[in-house]
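Below you'll find the structure, written out as structure tokens, and then a few comments.
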Amino acid sequence: MFPKERIRNFSIVAHIDHGKSTLSDRLIQLTGGLTDREMKEQVLDSMDIERERGITIKAQTVRLSYRARDGLDYVLNLIDTPGHVDFAYEVSRSLAACEGSLLVVDASQGVEAQTLANVYQALDNNHEIVPVLNKIDLPAAEPARVKAQIEDVIGLDASNAVEISAKSGLGVPEVLEAIVTRLPAPKEGDENAPLKALLVDAWYDPYLGVVTLVRIVDGILKKGMRIRMIATDAAYLVDRVGVFTPKPVDMDALGPGEIGFIIAAVKEVADARVGDTITEEKRQTKTPLTGFRTAQPVVFCGLFPTDAANFEDLRGAMSKLRLNDASFSFEMESSAALGFGFRCGFLGLLHLEIIQERLEREFGLDLIATAPSVVYELAMSDGSTMELHNPVDMPDVVKIREISEPWIKATIMSPDEYLGPILKLCQERRGVQLNLSYVGSRAMAEYELPLNEVVFDFYDRLKSISKGYASFDYSIVARRPGDLVKMQVLVNGEPVDALSMLVHRARAEIRGRAMVEKLKELIPMHMFQIPIQAAIGGRVIARETVRALRKDVTAKCYGGDASRKRKLLDKQKEGKKRMRQFGRVDIPQEAFVAALKMDGD
Amino acid sequence: MEQASRATDFPIVASAAAEEAPHLEVSPGRKIAGRELGIYVHWPYCTKICPYCDFNVYRDRGADHSALAGAILVDLSAQRRLSGQRPVQSIYFGGGSPALMRPRDIAAIIATVDTLWGLVAEAEISLECNPTDLGSAGLEALRGAGINRLSVGVQAFDDAGLKSLGRHHNRADAIRTVTDAQQHFERVSLDLIYARPGQKLEEWRRELGFALDLGVEHVSLYELTIEPDTAFGRKARRGALPRTVDPLEDFFCSTREIAANSGYAPYEVSNFARTPEAQARHNLLYWRAQDWVGVGPGAHGRLTRPEGRMALTAFSRPDLYIEGAERGNCFEEADILSSADAGNEALLFGLRLAEGIDRAFLRDVAGRDCDAAEFAQLQADGVLEKSSQRIRATERGAGLADALARRLAFRH
Ligand SMILES: Nc1nc2c(ncn2[C@@H]2O[C@H](COP(=O)(O)OP(=O)(O)OP(=O)(O)O)[C@@H](O)[C@H]2O)c(=O)[nH]1
Ligand SMILES: [Mg+2]
């Protein structure tokens, strides 16, 4: 067993893109976890979609072996976390497995919204924090100013922050020393006590099956041991024990303070509940860990196969994806217009986008996504309550006493010059200002906002009005009653259920007008004119018309064009598949999400 | 293997008032024995490649004209075996720049067609030319070689327009060539391209009026099409090609209106004739899904045979085509179209015609009737005429041929 005094467990946390994964690369390289040949940029971002988008989605753990300047060998367990707010849950469970954090701050950008959110979370977990100023190679880097900012805004001593360039490797050896000297070893931990381990994460690996990441608190976890998961109350035989270097390496046992994986005959990821306590079957711990709440989906939308015949394929694909992502939920749904599909829950819009993209790419499916919605709570006149995940299911208004919606607390940081438009945006979205402060020339606005106003395009709008400089973080704080009404969209006189949504009465007209204007752009011209209307309970609040098509013909068409034109015709027939028919109108599938994004102000 | 099929009383009457004209009801059991036949000759060489052209064309850098003309004669006799014995209605010399062919090669091709198939008495023999290709003597030589209809690729009558199209002739050349052509040929057609980069509708209306006043019997008026694999296509992708000032649909509608008011009937999307006899008979073979033999590099042909409708494509590169002729096979591809494919071609082309398509003929080609519900719906939308015998666009549907074809297309 490795002496726990020489173990350091730490998470790397930062705002999105501040360089967590790049720093992880350097730490792995310096300690020899991978050879130069095996190394690539952001090596821990192993999913295709992570590599393509250049972001981390899933936290990754690596065990490093490091001989420190004191001449002793240390085991460092690094957890690289995602920066995007949708994956905040990955950060929170990673923090629970560690005693310390490296707080990475981009020295050219300074403290951003997720920097703050993550620091507070680390402090809540009683972490020791080492600030690391990254990207000092950039001409725009201002380490002194950013240090002052860290002290002012976060109240963290930044005098001995480590200044590095994760890209070039400059200063990274100092980070290793700081981990050893400034972060604590695992505190308690009795090797002779009954096994007590935290289930940190679980995922499905095509070669290994379900892999469970654990942090040992007490006792020893050995290969061949019979273990019990307390919350799910199931027992398993441990087939393999090991660590990631980042390659999986088998071990005989893991002791207190260590982080590693086990492979037992767990069938589904859902059977390994994150936050659960693992103990030994024949000598069980009397003090299970408190664990933590599972991630709750906050945004819902319907996903339907474009071709109804692919319904079963979609079900199969979703079950496979869920194997690796328990935060995504789905249940069957049927829509008058779209046929059979699934109502799915996500952690946020990026999560939604990513799952949709993975379903389409990895499983070759063509999907239609309906308007994203939040979860409403309906208090009915008969005293009962119900949760509404889908506007289509909304009962008759006369039966509803009150509708409440989720509210968030949002923190927005931005250069001063964009503050005006940002405050206006928050105000328009029914925001309630909590606080407004300045950190040098950077403004920090805290607002309470209904999630319903944020879900669609708030983040896009924020980015565009601040030229990309504003950062945003949020968490759900409450559920509050609101004057919410169901808005329907009629295309050529027929209601399109996939486009209906709940809106605040005061915002209905603006939302309705934006929606019909957008649909007018998105719906191609047909041979007849198409009225598009937004309505609340039979009253039309906005209307646009798509003009009838007048010309759609090739200018020149002679004998030599016959084959080409005919093949084009076949292709266009194919193209029509990406459209969905509502009555006599073909609506392109991207319209369902795009229609909700509002341009301008 | 000779298939002694003879042209029957098919095809449909070529009048725009086809609704009243007698048309052929094809009873389900009866196959159409044969279709009208024409010959297309592709001459791929040009002195210069135009920036909007995506045909199979090559710069003429001292190409061997005898070798290519010889190969075309060989190809003709090979295809005579495929087409079977039936009279040829028309020959069309296109390109490229067929006006740059030697008159004796043209004469030899015409004579060979006549020997192999037999030309009908009033056979239409057309050739395309550019304003600077030929002087008066050259035109007379073409006539001597047997050409009886000239299609002049004027493209524009104003110097700025010609420059924007990358043409080397000017307004004066264009006018002179048209008047020269009218002196040597009874049948003259001219081509114009509208919606040129930066063009205003008002300018085009004036230019078109001028062109129609020249009094030719036939005009082809094309909207400029930007093809991806052309100089214009590349320019457009860079965003360096100015578009028209006014909407394209306005250009299209105005063009039809002005032509019609000057006595030119729009019998096809881009083709206008002063009388039914002035219509381009050869081109009507394509639009009516009749048969044609294509010879020359990259030429396409369609031949109806007992086993189905055959689509033929010759080798595109002149050297490969010539080599092919030596081996006795110039085809890069030869397929039998499925009945759905054949039906779709008939739709795509037939819907372009003012006369439309005979529904029974289409049923015979496609092996099934067109979708009755779609047909009825398009009639209800006012884009197809309310006739049950013919599928024909109304005035409002005149610019919608492609969209209509997509709606009515046969599935595989
Ligand atoms: N110039 C410079 N660029 C850096 C440095 N470190 C990281 N980057 C770049 O910053 C971008 C983001 O780096 P990542 O390591 O993916 O950032 P991250 O914090 O892991 O991002 P998320 O996981 O999406 O939150 C990449 O383009 C890196 O190449 C640095 O020290 N200097
Ligand atoms: Mg990362």
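What to note about this one:
- Net charge dipole, segment B:37-286: roughly 620 debye, given to the nearest 20, about the Cα centre with Cβ charges of +1 for Lys and Arg and -1 for Asp and Glu.
- Value of relative contact order over chain B, rounded to a whole percent, pairs C-alpha under 8 Å and six or more apart: 17 percent
- Relative pair counts by distance (%), Cα atoms of segment A:211-294, 5 Å bins: 3, 15, 28, 29, 19, 6, 1
- Packing-based order for B:269-278, B:190-199, A:179-188, using average beta carbon neighbours within 10 Å, highest first: B:190-199, B:269-278, A:179-188
- Taken one residue at a time, the phi angles of segment A:136-153 give Karplus couplings (6.51, -1.76, 1.60, θ = phi - 60°) of 6, 6, 6, x, 7, 5, 10, x, 5, 5, 5, 4, 4, 4, 4, 5, 5, 7 Hz. Gly and Pro are set to x.
- Per-residue Karplus couplings for segment A:16-24, computed as 6.51 cos²θ - 1.76 cosθ + 1.60 with θ equal to phi - 60°, are listed in order as 4, 6, 7, x, 4, 5, 5, 5, 4 Hz, Gly and Pro entered as x.
- Taking each residue as 0.36 nm, the span from A:GLU357 to A:ASN160 lengthens on full extension beyond its C-alpha to C-alpha distance by 66.6 nm.
- Note: relative contact order over chain A, using C-alpha pairs below 8 Å and six or more positions apart, is 10 percent.
- For the pair A and B, total buried accessible area rounded to nearest 100 Å², probe 1.4 Å: 3500 Å²
- Database remark: amide H of A:LEU367 closer than 5 angstrom to the amide H of A:THR306 (H placed geometrically; neighbours at sequence offset of 5 or more, or on other chains; Pro and chain starts carry no H).
- Extending 7 Å from Cα along the Cβ direction at A:GLN296 and again at A:THR232 yields two label points whose distance is 2.3 nm.
- Taken along its three principal axes, the alpha carbon spread of segment A:40-122 comes to 40, 30, 28 Å, from the longest extent down to the shortest.
- Per-residue mean of foreign Cβ neighbours for B:395-406 is 5 (Cβ atoms of other chains, 10 Å radius).
- With a cut-off of 15 Å between beta carbons, the residues surrounding A:ILE278 carry a summed charge of +3, where Lys and Arg count +1 and Asp and Glu -1.
- Per-residue HN-Hα couplings for segment B:391-401 [Karplus 6.51, -1.76, 1.60; θ = phi - 60°; Hz; x = Gly/Pro]: 9, 8, 6, 7, 4, 5, x, 4, x, 10, 3
- Between A:LYS187 and A:ALA478, the modelled label-to-label distance comes to 3.3 nm, taking each label 7 Å out from Cα in the direction of the beta carbon.
- Ranked packing of A:432-438, A:111-117, most packed first, by mean Cβ within 10 Å: A:111-117, A:432-438
- Here the calculated FRET efficiency for B:SER66 and A:LYS571, from their Cβ-Cβ distance with R0 = 56 Å, stands at 0.85, rounded to the nearest 0.05.
- If a spin label sat at a point 7 angstrom from the Cα of A:ASP586 along the line to its beta carbon, no backbone N atom of segment B:242-283 would be nearer than 13 Å.
- Since only B:SER262, B:THR230, B:GLN155 are under comparison, the one whose Cα sits farthest along the positive direction of the charge dipole of segment B:140-291, derived from C-beta charges on Lys, Arg, Asp and Glu, is B:THR230.
- Label point distance in nm, B:SER338-A:ARG505, each placed 7 Å from Cα along Cα→Cβ: 5.8 nm
- The apolar share of the surface of the protein assembly as shown, taken as the fraction of accessible area on carbon and sulfur atoms (1.4 Å probe, ligands and nucleic acids excluded), comes to 50 percent.
- The residues neighbouring A:ASP45, those whose beta-carbon lies less than 14 Å from its own, together hold a net charge of -3 under the Lys/Arg +1, Asp/Glu -1 convention.
- Scanning residues 5 or more positions from B:THR304 or on other chains, those with amide H under 5 Å from its amide H are B:MET310, with H placed 1.01 Å from N in the peptide plane.
- Take each peptide in A:5-15, A:527-537, count the other Cβ atoms within 10 Å of every residue, and average; sorted highest first, the result is A:5-15, A:527-537.
- Among B:LEU241, A:LEU237, B:LEU248, the sequence by solvent-accessible area, most first, with a 1.4 Å probe is A:LEU237, B:LEU248, B:LEU241.
- Taken over segment B:342-412, the percentage of Cα pairs per 5 Å bin, counting from 0 up to the bin with the maximum distance, is 3, 20, 35, 29, 11, 2, 0.
- Student exercise, the protein assembly as shown dipole from Lys, Arg, Asp, Glu Cβ charges, in Debye to nearest 20: 800 debye
- Environment charge at A:MET413 (Cβ cut-off 12 Å; Lys +1, Arg +1, Asp -1, Glu -1): -3
- Looking at the protein assembly as shown, the accessible area is 40 square angstrom per residue; that uses a 1.4 Å probe and ignores ligands, DNA and RNA.
- Whole-angstrom gap from segment A:1-68 to segment A:181-213, using each part's C-alpha centre: 17 Å
- Only Lys, Arg, Asp and Glu carry charge here, each on its Cβ (+1 for the first two, -1 for the last two); on that basis segment B:342-412 has a dipole of about 80 debye about its Cα centre.
- Per-pair calculated FRET efficiency, R0 = 35 Å: A:GLU402 and A:ARG513 via Cβ, rounded to 0.05: 0.80
- Peptide A:544-553 has a mean of 6 when you count, residue by residue, the C-beta atoms of other protein chains within 10 Å of its C-beta.
- Restricting the calculation to alpha carbons of chain A gives Rg and Dmax of 26.8, 88 angstrom.
- A Förster distance of 45 Å, applied to the separation of the beta-carbon atoms of B:ARG327 and B:THR225, puts the FRET efficiency at 0.80.
- When the P(r) is computed for segment B:167-288, the part past 24 Å accounts for 34% of the Cα-Cα pairs.
- Amide H contacts for A:ARG430 (H built 1.01 Å from N in the peptide plane; partners 5 or more residues away or on another chain; cut-off under 5 Å): none found.
The values are calculated or read from the model by the stated rules, or taken from the named source; none is laboratory data. As the structure is a prediction and not an experimental result, all values here were calculated from the model. Here Cβ is always computed from backbone atoms with ideal geometry, including for glycine, and neighbour counts include all displayed protein chains. All accessible areas refer to the heavy atoms of the entire protein, side chains included, with ligands and DNA or RNA removed. Shrake-Rupley method; radii C 1.70, N 1.55, O 1.52, S 1.80 Å.
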